[in-house]
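Encoded as C-alpha cells, the structure appears first; notes follow it.
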Amino acid sequence: MEYSAEGVLEFEELRALLGRYVRSALGRAVLEQLEPAANRTEAVERLEDMAEALAWAGSVGSKDAAAKGAAVRIRFEAPPEPDGILAIVRIEGAVLDGKQLRDLLQLLDLSAEARGILSAAAARFPRLWGIGGALADLRPLARDIGSKLLPDGSLADDASVLLGRLRRDIERQQKTIQSALEQFLRLHRGDGTLREDLVTIRGDRFVVPVVAGQQRKAEGVIHGASGSGQTLFVEPLETIGLNNEMVRLREEEAREQHRILREFTARLRPEAGSIAASLGALGRLEFLFAAADFGIEFDCSIPALSPVTGRRLALDRARHPLLEDVLRARGGAVVPVSLELSEARRTLLISGPNTGGKTVALKTVGLLAMMARSGLPVPAAAAEFPWFDRILADVGDHQSIAESLSSFSAHMAGVRSMLEAAGPESLVLLDELGRATDPEEGGALGVAILDTFRRMGAFTLASTHLLALKVYGTNTPGVVNGSMGFDDETLAPTYVLRLGAPGKSAGLAIASRLGLPAELIDRARQTMSSQERDIARLLDELHRRAESYRAREDELAREKQEWEAREKALAEEARKRERTKLREMEERGAAAIAAFDRQARETIDDIARLAEQRKAAAQAERKAARVKREFQELLQQAAGPEVREAPARIEEGARVRLRGVREPATVRRLLGNGRLEVQAGLMKMQVEAGDIEEVLGAGAAPASLPANVSFRPAGPSWDVSYREINVIGQKAEEAVAQVDKFLDSASMASVDRVRIVHGHGMGILKRAIAELLQSNPHVEKFYPASPAEGGTGATVAELK
C-alpha cells in the first residue's frame, strides 16, 4: 500500500493558500502544475528565481526602491480564457470576435509593459529579466488594431471606409423609418387603434403596438403579440420597403464587420508563437510574484540547499504555514520549531506529552522540505535542507474498514512501502512509530525499523512514546533524542522542541488536565510498576536538570550579550572621544591655515602696492628723461647748428642706455662682431651694438665683496639676446604656461617690450596666447609683429 507524501503533508492545501495571491488564469494554471523539482539543478534554479522575486516584492513601495530600479508593481490582469483565444488565433481561417480581440490586445499591452519594467531592472534582477525577455512587444500592431475597436469590443465606424458608409446609410434609413412611423401614429392617434403611442422593434423590424381587433384599421404585417394577447405588433405597409432596405444594410454591415475581424485575426496569426511565449512568461512571473507576496506576509526566507559532501538539515524558528494561517484568523500565534541535523547525526527521535506538538513538528519539517524542493520561500528565519529525491511520510491513522486495515496493519503497510522506496537521499517521517500494538513488541519493531533507515543514510524524524525507542535514541551514535516541552505547574504542553534528552509522555497529567476524576488518576498511578515509576522519575529529573542547564545557558548568554554591549558602548565612547579630538585638531588647523592665508594675502597686497609704486616711479623717470631730451632738441633747433662732439666710445666699464630697458646698463665685455655683454642692475645679457641708444660715460667700478662673502641675485636672470620666447611646436596649454612665466620674469626685470614667436599653423597657439595677453596684469597692449620681426607669426607685447 502506497501513501502520497503530498497528501499526508497537505501540499494541496498549501497550493490553495498560495492561490489567494494569484489574480489571473495564467498564474493559476502555473500554480495548478506546481510540483517538487525532479532534480537538484532545477530546484536551485527555482530558488534563485524566487529569491529575486522576493527581493523585488520587498522593494516595492520602499523609499529607496526607485534608486534600486524596482519600485513598480507589475500588473497581471489577463483575460479569463487566454488559452482559448490563442487556440482560435492558431487555426487558419478562424475569426476572433470583437471582445476576444480586445482581451488579446489587453494581454499584449500587459506583456509589453512587463517587458519594459523588467528590462529597466535587468542589471539587478537578471533572472527575472531572463523570464521577461520572452515577453513579446507587439505594441505597434496592437495600437493599430486597437484604434479600430471600441472599449466594448465593437468595431469603430472608421475601421473601414465601407463600414463607415454603411453605418451612415443605416442611420439615415432609421430616421426615414421613424419619420414614416411617426406620421402613421399621428394619423391613428385618438381613433382607438393604437395601444400605445410609441415605436418598438420585433425581429429587427420597426413596428407599432395595435389593439387586438383593430388591426384592420392599420394595414400591415403582424410580427407578434403580447403575452396577454391584447396587443399586436404591426409593421405598417408604408414602412415594409423601408424596413427591407434596413435589413439589407444591416446584413452588409455584418458581412463587412466579419471581413474586418477576419483580417485582424489573420494579422495576429503570424505572431501566435510570440503570443504563446508571452502567455507562458506572464504566467510564470505572476506565480513567482504571488509566491513572493505570500513570503512577505508569512515572513518567509529562501531556503538553502546544503552541499552534497556536507549535508545538513537546519531550521531556525520554522512555522507550519497552514497552522499559522488558522491561528492568525483566531488571533493566535505558532510556537516555532528549531532543530539541526547533520551527516553525522541524521536521525531525530521526538518524544513528549500527548497533544504536545510532535506531529506538527514532523509535518512542519516535511512540508517545508517539500516547499524548498518546489522552489518556494519557507516560513522560517533561516532554513537549510539537503537535496531530498524522495520525501516519505507515515503520519496519522490510515485504518480502513473497506480494506480491512486496522490502525497497526495500515501503519505497517505504510512503513513497508517507505522501506521499499527509501534511499540515502530520502527524508523519512514516522509518526508514533511502533504504535497500536503491544508496547514491548512495538518498541522492538520500531527500533529495527528506525535502525534500518539510519543504515540506509536517510535523514529520519520519528515520534514515539515507547521506552525502547527512547533508550535506543540515547545509546545509538548518530541518533538525537528530542522532547516536546511540558509545564509541570500548569500540566500543559509548551510546544517547544528541545534536543538532547527524551521527553516524558505525561499521559496521567494530561488526562487529569482534560478532566478525568482524581481518584481514577491515583488508581492508575498505583497500578504502575516500580520500574515504570522509577523511569518516570528519572525522566522528570533529567528534564529538571536540562531545564536548569538551559536556564544557566540563557543566563550566560544574557551576560555575554551584556558584556558585548558594554564593550561595544566603551568602544563607541572611545571612538567618539577620538572623533572629538580629531575634530578639535582639524578646527585648530583650519584656524591656523585661515590666519596664514590672511597674513599671506596682506603681505601679497603690500608687495603689490610696493611694486606698483616702483613701476610708477620708473615710468615717471622715463617720461621726465624723454621730456628733457625733447626740450634739449627744441633748444638746439632754436640755437642753430653747432659743432657736435664725437660720440663717446663704447668700452668696458662704460654706462649705456639700452632700447626697451629702463635701467642704465654697464658694459662688461666686448665680444666682437658688434656684440657685447652688459649688466643692468642684477640682470646680465648679451646685446647688439645697435640696441644701445646712448653712451652715458664710464661708471665707477663696482665695489668688491670680501673674499668670504658670496652674492646670489634675488631677481630673475635674463640671458636672451633678444627679449623674446619661442613656443612653436608646443601644445596650447604648455605654451600658455611658459608665456605666463616669461611675462612674470620680464616684468620683474623691468623689460617694457617682448616678442612671442608662435608661428602660423592652425592659429591655435596664436589665439591661446592672445587670450592670455588680454587678461595678464603685466601687459599694457599687444599687437602682431612687424614683417621684419616675424609678421603674424609673432606677437609683440608692451609691458606696464
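The values are calculated or read from the model by the stated rules, or taken from the named source; none is laboratory data. These numbers come from a predicted model, not from an experiment. For neighbour counting, all protein chains shown are included, and Cβ atoms are generated from backbone atoms with ideal geometry for every residue, glycine included. Surface accessibility is based on the protein's heavy atoms, side chains included, excluding ligands, DNA and RNA. Shrake-Rupley method; radii C 1.70, N 1.55, O 1.52, S 1.80 Å.
Please work out whether the stretch 1-59 counts as rounded, prolate or oblate from its C-alpha gyration tensor, where a ≥ b ≥ c are the square roots of the eigenvalues and a/c under 1.5 means rounded, while otherwise a/b larger than b/c means prolate and anything else oblate? It comes out oblate by the Cα gyration axes. Counting only heavy atoms of the protein chains and using a 1.4 Å probe, Phe76 has close to 10 Å² of accessible surface. Residues Val757, Val695, sorted by accessible area with the largest first, give Val695, Val757 [1.4 Å probe; ligands and nucleic acids excluded].
Taking other residues whose beta carbon is less than 11 angstrom from the beta carbon of Glu12, and scoring Lys, Arg as +1 and Asp, Glu as -1, yields -3. For trypsin sites (Lys or Arg not before Pro), the sites in the stretch 102-190 that DSSP calls loop and that have at most 12 other Cβ atoms within 10 Å are Arg189.
Overall, the anisotropy analysis places the stretch 301-425 in the oblate class: the square-rooted eigenvalues a ≥ b ≥ c of its C-alpha gyration tensor yield a/c not less than 1.5, with a/b not exceeding b/c. Under the simplified labelling scheme, the Gln561-Leu696 pair shows an inter-label distance of 9.4 nm, with each label point 7 Å from Cα along Cα→Cβ. The candidates Trp129, Trp563, arranged from most to least accessible area with a 1.4 Å probe in the full protein assembly, appear as Trp563, Trp129.
Per-peptide packing, taken as the mean over residues of other Cβ atoms within 10 Å, places 742-751, 328-337 in the sequence 742-751, 328-337 from highest down.
Rolling a 1.4 Å probe over the protein chains gives Tyr21 an accessible area of about 30 Å².
Taking Cβ atoms as reference points and 10 Å as the exclusive limit, the residues near Ala134 contribute a net charge of +2, counting Lys and Arg as +1 and Asp and Glu as -1. The stretch 1-45 and the stretch 279-335 have their alpha-carbon centroids 12 Å apart.
Accessible surface area normalised per residue over the stretch 206-267 is 51 Å², counting heavy atoms of protein chains with a 1.4 Å rolling probe.
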